[in-house]
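Right, one structure below, let's go through it.
Please treat every number below as a calculation from the coordinates, not as lab data. Computed from a predicted model, the values in this text were never measured in an experiment. No Cβ is skipped: glycine too gets one built from the backbone with ideal geometry, and neighbour counts run over all protein chains shown.
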Amino acid sequence: MKGNPMVKFNRNAVGVAALAIALVNAPAFAQSADDSAAGADIVVTGTRISLPGVKSSSPIASTSEEQIKLQSALTIEDFSTKIPQLSGGVRQGSQGSDAFGAQVLELRNFGQSRSLVLIDGTRAAPFSFRNSVDVNSIPASLIKRTDVLTGGAAAVYGADAVAGVVNFILNDDFEGIRANASSRLSTRGGAQYGGSIMLGTGLGDRGNLVIAADYTQRDLIRAGQRDWAETPNQTIPSIGGVFTDVASGRKFGFTDSGEFTTNPSATSNVSDRYPLVSPLKRINVAALYKYEITPQIEVYGRAMYTNTRTTETGTPGATPVSINGTYSISESNPFLTDAIRNQLTFVNGTAQVGISRSLYELGLIEYETERNTLQLQTGLRGPLTSAIKWNAYAQYGRSTENTLINGDGLVANNAGANNFASIVNTVDIFGPNADGLADALGTSINGFNRKRDQFVAAATLSGTLEELFSLPAGPIGFAVGVEYRRETANIDQDTALLTGNTYRQGVQAAYSGSFDVKELYGEVLIPVLHDLPLIRKLDVGGAYRLSDYNLFGTHGTWKVEGNWEVDSNVRVRGTYQRVLRTPNFGEFAGGVSSLPFSNLVTVDRLKPRYGGDPCVLGTGNAEQCARFGAPAVGSADSNAASYLTGNYYYGGNPDLKPETGYTTTAGVVITPTFVPGLTVTVDWYELDLKGAVGVIQPIAAITSCYITDPTAGNPLCQLVTRNSDGTFKDAYVNNQNLGRLLQRGLDISASYTLRQDWLPGDGLRLSYQGNIVTSYKIQANSTVAAIQCKGTFGATCSSDGTTLVQPDYRHTVGMGLLLDKGVIQFDWQRIGKVRSSTVGSTETIKAQNTFDLSASYDFVEGITMTAGVYNLFDKNPPRVTTGGVFNTFPDTYDILGRTIGLSLTAHI
């Protein structure tokens, strides 16, 4: 066990000049949640100190319940994609992801495991082997507000809050009955619809009980339903088959329509059938409760259950099974036509035939997954004295997943005999749509089960020291507490996956792991000065958390912060924090799995991880290429599947250490008294993470080895090996503590409500929320130079291989006309221009703009209708020539097209 760390606080003097901002106005759903609680006793996201009028030192963007409704939101994704600080993450269009239909949030392109998701300030239950949360398990109908705090919060909330936290505040005060029916219909095909009912009642004057149930269904969208998703180069081996008589060399085959030919095409294209959006069926049931047992004790808690069913393509992608080998065809084969017999040479009653064929009869590869998520929490809280409160709770969360794999089959039977070879004379294998082929080879595999458990118990004292003493500027606020957390995860694989006895799954390792952590934490808020010239109020504060992990040692995280209220017009704020993230289960406990290396050129989702051999393409350093025995320029097709002969190995690393880093924010809040209702915030931030856990994809290793750092000792050269003929053999991408992630930027927000007699309705609501990235450097390994990733796209600049677009500017902008009984809202989202991160590429994607128009109106008391047209002008996502999925990046850009949303809510 390591000793307690000695932490030295560095004091940085940060000067922030007031910025003149032209108020470009956006929707109110992403305004700063900053100062609205003056006089109220609330807990602000990012601190456990509860004081009247407390103001956040960290930038927080909030989405209100009203704005969620204006998006006709059935899932979190329907509104979260409009928040500039939230990058792509995993979405409904993330086909090939191992999230299997989950929606995962990601802050600032820092990786999905570096953003902490909270529910009412406590951890949401994670799923799978990651630290991330499937936010589809949170019912949108229950959300009262969503806070996005960026800049790190590890000292307050613990590990994983490196890029920040997303805190979903639920409506535990609701009373009455509210029923809702909503739909979102794409004009190009595809629909999402559902309904919810919520019942809330007061328990006398001592508490409240809320029960809610949601149902959501999302339809499958296939690539053929979107013109831009057509992939003419996405070919597979012929579905009719190409047959070669080994003795004579004669070839024959069948067209996709089943016609015999002696000049067969080697390929087919069925990519229009590939799923673009995963279908989803989801049921949420939740209960929130609080009840005052005595004036000193209140019991509270929540129970949440979600059942989600999805079907997506899984890690290997949708590409159907294929075979390519030599098989013995019997002369007595009942399916031989005269045309086929004339092409074959029989010796002793058999012909040796080379067969290259997609087994399209088995269907596309599909992962049919059912996920159950349960979280139970109960706690007690109350006043200890008139100035100090106590709070203790325990919660348990479990996520279980059962996955059936369809469209695959077993290569060999129990006796070790090749299954396809055993049926070539008993099942018709000639031509497409062969009867009995699917039944003979089997089209489903039991797949695997994944389970994740989390237990958390914590107790906190918070309040002020006013009963002991007060400073001239006011009482000192504090919070101290203890927390215990234990997490376990395991994944059980079918025997066929463990042994690699399938056509498309490779070798998939089973694993299990667990860890626990005991923590002490504390916060303090000290009022230093008040009511002086240029110092209306000056507060400083700090937080410290000591974490003792049974696997990762003892670590301290801390925060120092300041709030300087110059006057009623200007407030300056800032934080400096040490943050930490421990490896997730897949990173430290996962076994070594593998896929065929060739999948990186045959599976659309994996293509960004490989970009060809620079030595063959002519872009590599000639001396380095010769040193490693690469083929000559132009001598081969390095993007052919046959060029990648071995396996792509990936998995965990038990020797991983936690990631550590520092985050800094410094900002100004402007509320000019001469423009009542105007609020402008500007916050500068820096996220600096060292020892980042991740993998180096082949494209990055090959680029470094042969182009940017062509030296004999470059360690990245060892990650992609070569055969004796120079072709690529194996790739190794197991998790490592790599180099550094460093991002700097600005968050800017502005909001203003204009109320004038000449305006129609009750006023005009204007607002803006934007993010500017001034620098984003990723250093894959300490031995290589950092890459500037600001304003780029592609796998070279992805911190975890999920989000592939890193724009240097995003905003959400709009205008709302306030009516007596509703609002009309116009929104504008902009994603800035990006360039390819691939060395030597000049490809760019121009800035993308989409617009929404929505309205909500109370027609009669208790009945509200909301309607919206999202992506109003039916903007297609941008096309890219290489590196994308379905010619674009579904992790970032809207792929639905114009969508019409309708929602009807009745509240009694």
- May I ask you to order 432-442, 81-91, 272-282 by the average number of other C-beta atoms within 10 Å around their residues, highest value first? 81-91, 272-282, 432-442
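Which of the chymotrypsin sites (Phe, Trp or Tyr not before Pro) across the stretch 732-820 are loop residues per DSSP, with 14 or fewer other Cβ within 10 Å? Numbers along the way, then the final one.
Numbers: sites: Tyr732, Tyr752, Trp758, Tyr768, Tyr776, Phe793, Tyr809; in loops: Trp758.
Here the chymotrypsin sites (Phe, Trp or Tyr not before Pro) that fit, given the DSSP loop and packing criteria, are Trp758.
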- Task: Mind pulling up the Rg/Rh value for the stretch 592-646? Radius of gyration and Kirkwood radius, both on Cα.
- Result: 1.01
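Between Trp228 and Ala906, what FRET efficiency comes out of the Förster formula 1/(1 + (r/R0)^6) with R0 = 35 Å and r the beta carbon distance, rounded to 0.05? Present the calculation step by step, with values, prior to reporting the outcome.
Numbers: r = 39 Å, r/R0 = 1.12.
Computed FRET efficiency for Ala906 and Trp228: 0.35.
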- Item | Relative contact order %, the chain, counting alpha carbon pairs below 8 Å whose residues are six or more apart | 13
- Ascending count of other beta-carbon atoms within 10 Å, so fewest first, for Trp390, Trp228: Trp228, Trp390
- So how far apart, in nm, are the two label points at Asp272 and Ser470 if each is 7 Å from Cα heading toward Cβ? 7.6
- Task: Within the set of other residues whose C-beta is less than 14 Å from the C-beta of Val805, count the net charge using Lys and Arg as +1 and Asp and Glu as -1.
- Result: +3
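If I take all pairs of Cα atoms in the stretch 274-398, what percentage of them are more than 24 Å from each other?
Working: 4952 of 7750 pairs.
Result for the distance tail: 64 percent.
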- Query: For the stretch 110-198, what Kirkwood radius comes out of the mean inverse Cα-Cα distance, in Å?
  - Reply: 14.9
- Dividing the helical contributions, -39500 (n - 2.57) per DSSP H run of n ≥ 4, by the residues of the chain yields a 222 nm value, nearest 500 deg cm²/dmol, of -1000 deg cm²/dmol
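Could you please report the charge total around Asp453, scoring K, R as +1 and D, E as -1 over all other residues with beta-carbon less than 9 angstrom from its beta-carbon? Intermediate results must be reported in sequence, preceding the final value.
Working: positive: Arg398, Lys451, Arg452, Arg486; negative: Glu487.
Here the charged neighbours net out to +3.
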- Item | Cα→Cβ-extended label distance, 7 Å offset, between Glu292 and Asn446, nm | 5.6
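For Thr187, what is the net charge nearby, where nearby means another residue's Cβ is under 12 Å from its Cβ and Lys, Arg count +1, Asp, Glu -1?
My count for the surroundings of Thr187 gives +3.
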- Normalised per residue, the volume inside the convex hull of the alpha-carbon atoms of the stretch 154-216 in Å³ amounts to 142
- Query: Rounded to the nearest 0.05, what FRET efficiency is calculated for Ile197 and Ser775 with R0 set to 60 Å and r the Cβ-Cβ distance?
  - Reply: 0.80
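Stick to Cα atoms and the Kirkwood definition of Rh, then tell me Rg/Rh for the stretch 400-466. Mind dumping the intermediate values first?
Details: Rg = 25.7 Å, Rh = 16.5 Å.
Across the stretch 400-466, the Cα-based Rg/Rh ratio is 1.56.
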- Task: Rounded to the nearest 0.05, what FRET efficiency do Ile863 and Ala394 give with R0 = 45 Å and r taken as the Cβ-Cβ distance? Could you check?
- Result: 0.65
- Item | Rg and Dmax of the stretch 640-727, Cα atoms only, in Å | 23.5, 76
- Message: Cut-off is 10 Å between beta-carbons; in what order do Arg879, Arg765 appear when sorted fewest neighbours first?
- Response: Arg879, Arg765
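In the stretch 656-786, how does Rg compare with the Kirkwood Rh, expressed as the Rg/Rh ratio over alpha carbon atoms? Intermediate results must be reported in sequence, preceding the final value.
On the way: Rg = 24.3 Å, Rh = 18.9 Å.
Rg/Rh: 1.29.
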- Shape parameters for the stretch 294-348, alpha-carbon atoms, Rg then Dmax in Å: 31.1, 95
- Message: Taking every alpha carbon pair in the stretch 795-908, what does the distance histogram look like in 5 angstrom bins from 0, in percent?
- Response: 2, 10, 16, 18, 14, 11, 9, 8, 5, 4, 2, 0, 0
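Of all alpha-carbon pairs in the stretch 256-319, indicate the percentage at a distance above 18 angstrom.
Details: 1387 of 2016 pairs.
That tail contains 69 percent of the Cα-Cα pairs.
Using the Kirkwood formula on the Cα atoms of the stretch 760-845, what hydrodynamic radius do you get, in angstrom to one decimal? The partial results should precede the final answer.
Numbers: mean 1/r = 0.0649 Å⁻¹.
Over the stretch 760-845, the inverse of the mean reciprocal pair distance is 15.4 Å.
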- Note on the structure: Its Cα gyration tensor gives the stretch 215-265 an equivalent ellipsoid whose semi-axes in whole Å, largest first, are 36, 12, 10
- What order do you get for 469-482, 358-371, 555-568 when each peptide is scored by the mean count of other beta carbon atoms within 10 Å, highest first? 358-371, 555-568, 469-482
- Item | Over 45 Å [Cα-Cα, the chain], rounded percent | 31
- Note on the structure: The correct pair for the stretch 433-506, radius of gyration to one decimal and Dmax as a whole number, both in Å and from Cα atoms, is 28.8, 88
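What shape does the stretch 363-482 take by its C-alpha gyration tensor, where a ≥ b ≥ c are the square roots of the eigenvalues and a/c under 1.5 counts as rounded, a/b above b/c as prolate, and the rest as oblate? If you can, show how the numbers build up before the last one.
Values: a/c = 6.23, a/b = 5.26, b/c = 1.19.
Because a/c hits 1.5 or more and a/b exceeds b/c, the stretch 363-482 counts as prolate.
Looking at this model, which pairs from Lys82/Lys790; Lys290/Lys451; Lys451/Lys559; Lys559/Lys657 are more than 28 angstrom apart at the alpha-carbon? Spell out each step's value before the answer.
Values: Lys82/Lys790 20 Å; Lys290/Lys451 30 Å; Lys451/Lys559 34 Å; Lys559/Lys657 22 Å.
From Lys82/Lys790; Lys290/Lys451; Lys451/Lys559; Lys559/Lys657, over 28 Å: Lys290/Lys451; Lys451/Lys559.
Sort 98-111, 509-522 for me by packing, meaning the mean count of neighbouring Cβ atoms within 10 Å per residue, highest on top. Please list the in-between numbers first.
Numbers: 98-111: 26.1, 509-522: 17.2.
Going by the mean number of other Cβ atoms within 10 Å, highest first, we get 98-111, 509-522.
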- Item | Over the stretch 133-272: Kirkwood hydrodynamic radius from C-alpha pairwise inverse distances, Å | 21.2
- In Å³ and rounded to a whole number, note down the convex hull volume per residue for the Cα atoms of the stretch 733-773. 122
- Query: Mean projection of the alpha-carbon convex hull of the stretch 541-606 over all orientations, in nm²?
  - Reply: 9.3
